Amino acid sequence: MQQRGAATLRAMSTDWHVHCLDCNDTQTFDDANHREELMALLCRHAAVISALVPLIQDIGSRGCVALSLGSYGEVDPEWFAKHLGHRLVPINEYDEVLTRCPLRLERHDFAPCVRNYGHDGDCVVATH
């Protein structure tokens with residue numbers, strides 16, 4: 001597994017997924033091109049996604065509950081529950097793990113955060 005920052009990968013077409021470093025297991029999505037920020041949000045909210053499992057088990061057999069990411073496919077809450085508390089990271093189709101925070105700050109003209117992926121506290125932009 002290689003490691004790269006989001007800025008390095010921005011120029012090329014790259015599909016993103018959510019990967020568990022502890023189990024070497026991946027929740028894949030369809031054509032989630034340049035969606036590392038979306039995958040980072042899924043990782044950050046893994047506990048919330050996992051909490052949907054009882055609801056889906058109760059009414060899911062009726063076929064009326066799905067957590068869709070539009071054309072990228074469905075989020076599997078059971079996958080997230082299985083990996084709850086594990087190290088979840090965005091990973092791309094080339095097995096490269098995101099190392100830099102992928103978030104961009106609107107209040108700074110969408111400048112990218114310069115901190116490492118998974119940092120505590122607020123995002124920070126480069127100062128000139």
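The values are calculated or read from the model by the stated rules, or taken from the named source; none is laboratory data. From a predicted model like this one, the values you see are computed outputs, not experimental measurements. Here the Cβ positions follow ideal geometry from the backbone for every residue, glycine too, while neighbour counts run over all protein chains shown.
Scanning the stretch 91-128 for residues that are part of a strand (DSSP E or B) and small (Gly, Ala, Ser) yields a single hit, ALA111. Take the stretch 13-47 and flag every residue that is among the polar types (S, T, N, Q) and either part of a helix (DSSP H, G or I) or without any contact (Cβ under 8 Å) to a residue 40 or more places away in the chain (or both). Correct list: SER13, ASN24, ASN33.
Residue check: is VAL65 over 30 Å from THR127 (Cβ atoms) and in contact with a Pro (Cβ under 6 Å, 6 or more places away or on another chain)? Considered against the rule, which asks whether it is over 30 Å from THR127 (Cβ atoms) and in contact with a Pro (Cβ under 6 Å, 6 or more places away or on another chain), VAL65 comes out as no.
Listed here are the residues, each with its yes/no results for (1) over 16 Å from the mean Cα position of the chain (by Cα); (2) of a type in the set (Ser, Thr, Tyr).
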position	(1), (2)
GLU37	no, no
PRO54	yes, no
GLN57	yes, no
SER68	no, yes
GLU74	no, no
TRP79	no, no
ARG87	no, no
TYR94	no, yes
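Looking only at residues of the stretch 37-65 that are surrounded by 13 or more Cβ atoms within 10 Å (Cβ to Cβ) and at pLDDT below 90, we find that the one that is farthest from TYR117 (Cα to Cα) is GLY60.
Just one of (1) at pLDDT 95 or above; (2) of a type in the set (A, V, I, L, M, F, W, C); (3) under 17 Å from GLY118 (Cα atoms); (4) surrounded by fewer than 20 Cβ atoms within 10 Å (Cβ to Cβ) fails for VAL18. It is (4). Kindly check whether there is at least one residue in the stretch 69-80 that is more than 23 Å from CYS23 (Cα to Cα), polar (S, T, N, Q) and free of Cβ contacts under 8 Å to residues at least 24 places away in the same chain. The answer is no; no qualifying residue exists. Of all residues in the stretch 108-128, those that are among the basic types (Lys, Arg) have Cβ atoms under 7 Å from Cβ atoms of residues that are surrounded by 14 or more Cβ atoms within 10 Å (Cβ to Cβ), 6 or more apart or on another chain, in ARG115/CYS101; ARG115/CYS123; ARG115/VAL124. Residues being of a type in the set (Val, Ile, Thr), at pLDDT 90 or above and either in contact with a Pro (Cβ under 6 Å, 6 or more places away or on another chain) or surrounded by 12 or more Cβ atoms within 10 Å (Cβ to Cβ) (or both) are represented in the stretch 76-98 by at least one member.
Please tell me if CYS101 is at pLDDT below 85 and either more than 21 Å from GLN27 (Cα to Cα) or surrounded by fewer than 16 Cβ atoms within 10 Å (Cβ to Cβ) (or both). Give the derivation first.
Values: at pLDDT below 85: yes; either more than 21 Å from GLN27 (Cα to Cα) or surrounded by fewer than 16 Cβ atoms within 10 Å (Cβ to Cβ) (or both): no.
No: the conditions fail for CYS101.
Taken over the stretch 65-84, the criterion of being over 14 Å from HIS45 (Cβ atoms) and small (Gly, Ala, Ser) is satisfied by ALA66, SER68, GLY70, SER71, GLY73. So, VAL114, is that one surrounded by 12 or more Cβ atoms within 10 Å (Cβ to Cβ) and within 11 Å of the chain's Cα centre (by Cα) or not? Criteria not met by VAL114.
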